[in-house]
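I have placed the structure first, in the form of structure tokens, so that the comments after it can refer back to it.
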């Protein structure tokens, strides 16, 4: 079995890491929301502006901010990896270049 190129291994490791981090933070946010408002829905948790019990709680807002930042970092890393990948494979048959 042939091993993957190092950059692919790094990209996969980063994706797994961010997935775990986002899931863990979602659990923290959900747990805090349920402590404040046991009957809240996930929709309310993800859009707390209309839910005073959530919107007004500093601890909930802190955890929600960490979640938003983690997701933003995940998106930024994905975009940068994609940019680097596209740059590396420019002109290859995989990039859709009909001349190859």
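Quick notes on this structure:
- Taking each DSSP H run with n ≥ 4 as -39500 (n - 2.57) and averaging over every residue of the chain yields -24000 deg cm²/dmol at 222 nm.
- Put simply, when 78-84, 24-30, 56-62 are sorted by average Cβ atoms within 10 angstrom per residue, most first, you get 24-30, 56-62, 78-84.
- Shape category assigned to segment 1-58 from the gyration tensor of Cα positions, a/c cut at 1.5: prolate
- Taking Cα atoms only, the orientation of helix 58-88 departs from the longest principal axis of the chain by about 10 degrees.
- The chain: angle of helix 6-36 to the longest principal axis, Cα-based, in degrees nearest 10: 10 degrees
We did not get these values from a lab; they are worked out from the coordinates using the rules stated. The model shown is predicted, which means the values in this text are computed figures rather than measured ones. Every residue, glycine as well, gets a Cβ built from its backbone with ideal geometry; the counts of neighbours run over all protein chains shown.
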